[in-house]
1. Give just the number: which of (1) within 25 Å of the chain's Cα centre (by Cα); (2) more than 13 Å from residue 17 (Cα to Cα) does residue 74 not satisfy?
2. Sort out which residues of the stretch 119-141 are buried (at least 19 other Cβ atoms within 10 Å of the Cβ) and in a loop (DSSP other than H, G, I, E, B), and write them in order of number.
3. Just one of the numbered conditions (1) at pLDDT below 80; (2) more than 30 Å from residue 73 (Cα to Cα) is not true of residue 146; which one?
4. Residue check: is residue 92 touching a residue at least 24 places away in the same chain (Cβ under 8 Å), at positive phi and surrounded by 15 or more Cβ atoms within 10 Å (Cβ to Cβ)?
5. Given the conditions (1) at pLDDT below 80; (2) closer than 30 Å to residue 71 by Cβ; (3) surrounded by 13 or more Cβ atoms within 10 Å (Cβ to Cβ), which single one is not true for residue 105?
6. Going by the conditions given, is residue 111 touching a strand residue (DSSP E or B) at 6+ places or on another chain (Cβ under 6 Å), modelled with pLDDT of 85 or more and more than 30 Å from residue 18 (Cβ to Cβ)?
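The values are calculated or read from the model by the stated rules, or taken from the named source; none is laboratory data. Please read these numbers as outputs of a predicted model, since none were measured by experiment. Positions of Cβ are generated from backbone atoms using ideal geometry, with glycine treated the same way; all protein chains shown enter the neighbour counts.
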């Protein structure tokens with residue numbers, strides 16, 4: 001058996017802490033997770049406390065029981081923890097890709113105009129969106145309904161429903177999380193309104 005390096009020891013400790021943190025986050029006792037992973041409670045306790053060697057087959061079983069993957073259970077932090085945004089000044093956008101899921105993006109946008117009232121100017125597209133208002137008040141048009149979203153309030157809605165969002169009264173800032181489909185649709189919309197000389 002090869003001696004454990006300092007880096008190996010740090011990863012070993014990290015994995016043990018992660019197992020315990022994930023168990024606690026689920027609200028499970030040692031007994032509950034042990035049952036789900038077909039381990040004895042004492043074995044799981046020794047794994048978490050560093051008194052038992054981590055075996056690959058047990059890690060696979062624990063990852064499955066904790067509803068994660070082996071890769072995520074043993075991953076270490078990369079050096080590029082901090083990410084700078086891509087800035088689109090023409091549309092008042094800042095965009096950050098999410099390293100954990102390249103299909104997802106976080107977008108910060110300043111809105112100055114109210115949303116269009118005409119359903120024909122609203123957009124519907126595949127995907128998922130979630131947004132929070134950072135400052136000011138936003139108006140979300142969703143089909144024939146109008147929603148007022150105050151500072152620190154969030155909205156999540158089906159994007160296949162025709163929708164549009166804008167500022168109410170004075171400029172507002174929103175922070176949104178978009179999956180790949182939603183992001184592509186919004187990028188197409190921004191390209192269209194640049195070509196037409198006006199943005200909705």
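1. (2)
2. The one that is buried (at least 19 other Cβ atoms within 10 Å of the Cβ) and in a loop (DSSP other than H, G, I, E, B): 136.
3. (1)
4. Working: touching a residue at least 24 places away in the same chain (Cβ under 8 Å): no; at positive phi: yes; surrounded by 15 or more Cβ atoms within 10 Å (Cβ to Cβ): yes.
No: the conditions fail for residue 92.
5. Residue 105 satisfies all of (1) at pLDDT below 80; (2) closer than 30 Å to residue 71 by Cβ; (3) surrounded by 13 or more Cβ atoms within 10 Å (Cβ to Cβ) except (1).
6. On the way: touching a strand residue (DSSP E or B) at 6+ places or on another chain (Cβ under 6 Å): yes; modelled with pLDDT of 85 or more: yes; more than 30 Å from residue 18 (Cβ to Cβ): yes.
So residue 111 passes the test.
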